[in-house]
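Worksheet: the structure to be examined is printed underneath.
The numbers here are math on the coordinates, done by the rules we state, and not lab data. Model, not experiment: these values are computed from the prediction. Cβ placement follows ideal geometry from the backbone for every residue including glycine, while neighbour counts extend to all protein chains displayed.
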């Protein structure tokens, strides 16, 4: 269980850095406001879904998704 938690922490750190990077790039590029907000919302929703799937995988619930295996 400890290696699975360490893997989960690493995956969460990498996902957090990638999410921050995407949001930073979206803010840096001059995109009109409605499209800017929609892109940010889509990124946050996808990130939440990935985190939920990773947590379910740690708990042993089968999700049917092919995410990296946490062992």
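Taking Cα atoms only, the orientation of helix 2-28 departs from the longest principal axis of the chain by about 10 degrees. Over the residues of the chain, the helix contribution to mean residue ellipticity at 222 nm works out to -27000 deg cm²/dmol, using -39500 (n - 2.57) for each DSSP H run of at least 4. Remark: spin-label model distance residue 58-residue 4 equals 1.0 nm, labels positioned 7 Å along the Cα→Cβ axis. Site pair residue 49 and residue 17 shows an inter-label distance of 2.5 nm when each label is modelled 7 Å from Cα along Cα→Cβ.
Taking Cα atoms only, the orientation of helix 33-59 departs from the longest principal axis of the chain by about 0 degrees.
Computed on the Cα trace of segment 2-59, the radius of gyration divided by the Kirkwood hydrodynamic radius gives Rg/Rh = 1.11.
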